[in-house]
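First comes the structure, then the notes that go with it.
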C-alpha cells in the first residue's frame, strides 16, 4: 500500500514536471524563443528525457528491492 | 562504470563542440537578370564583421558563378552582400536556382543551396563572359573541430548522439535478449529466462525513451510531435509487440509455461522487428535520413566529427543498458532464491 502511494506520488511529480516543461517551451515565450538559440533546447530536453527514464528505472528497482527486504524481514 | 564515463565524455563533447558556420536565411529570394541585388544574409556562428577577407559568390553551375561587388558586415551574423547580375546568361532556362557561397579566413567556405531563384527576362543573349570570371579558388578552411551545420537541424544535430544511439543500443540489448531466449529453449536453464527478460525490459525502456526523444526532436524540426512517417508508425508497432511481451510475462503464474512462452515470443517479436524497422521504411519515402534509399551512415549527415561522438555514445548506452539489465538479473536471482526457500 505504501509503495503504491509512492508510485502515485512519483507519477504525479513527473506529470507536473512535464507540464512545466511544456509551459516553458510553448506558451510563456514567443515561439521564436525555441529557435533563437539554434534549437539547443531540444537537445537539453532529449537529455532530460533519457535522464528521467533511467531514474524511473532505478526508482522501480528500489521499490522492488524494498519489497524483497520486507519479505525477508517477515520471514525471520 | 566505463559506460557512464564514456557517456559523460559524449555529453560534454557533444554539447561543447561548436557548429560550423552556416546561412540561416537570405533575402530576397528572387531576382531578375540585369538587377543590382542587395542581399541580406543572416548567418549562424559566422564572423561577418571580424573576418577581414570576406568573399561571396552566386554559383549557377559547376563552371559559372559571379562574384559579389561588395560585402558589408553589419555585425557578426548579419551582412548585406551586393551582386550585379549580368543581363547575359550562359543558359536559356526560364528560372534558375543559384547557390550562395561565402568565404572568409575565420569561418572557411560555406554555402546556401537555392539561396536565390533567378527569373530570366527580355530574351538575353547566350553568353558566359560575365559568369566565367569568378575566381572560386583558394577557399579558406576553418580550423578546429566543428559539427556540420544543416539547415532546419541547426543545433539539434547533437541529438544524433542521444536519440539515434539509443535505438542502436536498444537493438544490441534486444540481440542479447534473443540470445538468452534461444539458450533457454535449448537448455531449459531458468537463469537464461531471467537474463532474457531483463535484457528485453531494458531494451523496451530504451525504445520508449527513443520514441519520446524522437518526438521532441520532431517537434523542433518537423514541427509536430508525431508525423505519419512510416518509420515512426512501424517502430510504434514494433514497440507495441514488445509491450505485449511484458503483458505476456505478467499473465501466467506457472513458471515453466511462462518461461517457454516468453522465450518463443521473444524470437517472434525480434523477427517481426526487422522488417518493421529496417525493411518497410526503406521501401517508401520517409523523413528519416537514409530511408527510401540507402542507409544514412555516410556523406555529410554523419561526418567524421559526429562519428567521433556517435560511436562512443552507442557503446556507452549499450554498456549502461547492460549494467541496468545486470541489476535486474541480480534482483531476479535473489528473488528466485528466497521464494524457492519458502
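Here, each number is a calculation from the coordinates, and none is a lab measurement. Just so we're clear, the structure is a prediction, and the values are computed from it rather than from any experiment. Methodologically, a virtual Cβ is constructed for each residue, glycine included, from the backbone with ideal geometry; neighbour enumeration extends over all protein chains shown.
For this structure, a couple of remarks:
- Peptide B:318-324 - average C-beta neighbours from other chains (10 Å radius): 1
- Order of B:330, B:257, B:201 - criterion: other Cβ atoms within 10 Å of each residue's Cβ, fewest first: B:257, B:330, B:201
- Take each residue in B:326-333, count the other chain C-beta atoms within 10 Å of its C-beta, and the mean is 2.
- In terms of surrounding Cβ atoms within a 10 Å radius of their Cβ, B:145, B:324, B:183 rank from fewest to most as B:145, B:183, B:324.
- Calculated SAXS-style log₁₀ I(q)/I(0) at q = 0.14, 0.22, 0.24, 0.25 Å⁻¹ - segment B:200-288, Debye, Cα scatterers: -0.56, -1.06, -1.18, -1.23
- Modelled FRET efficiency - R0 56 Å, residue B:336 with residue B:283, Cβ distances, 0.05 increments: 0.80
- Most to least packed among B:18-31, A:38-51 [average Cβ atoms within 10 Å]: A:38-51, B:18-31
- Angle between chain B longest axis and helix B:255-274 axis [Cα atoms, degrees, rounded to 10]: 20
- Within segment B:154-341, the proportion of C-alpha pairs whose separation exceeds 24 Å stands at 43%.
- 10 Å Cβ neighbours from other chains, averaged over peptide B:233-240: 0
- Kirkwood-based Rg to Rh ratio, chain B, C-alpha trace: 1.15
- Proportion of all alpha-carbon pairs of segment B:114-223 beyond 18 Å (%): 72
- Sorted by Cβ density within 10 Å, fewest first, the residues B:251, B:313, B:286: B:251, B:286, B:313
- Over the protein assembly as shown, volume per residue of the alpha carbon convex hull, in Å³: 170
- Two-decimal log10 I(q)/I(0) for segment B:212-256, as the Debye equation yields it once each C-alpha is a single scatterer, q = 0.19, 0.21, 0.26 Å⁻¹: -0.66, -0.72, -0.89
- Segment B:21-119, Cα convex hull volume normalised per residue, Å³: 82
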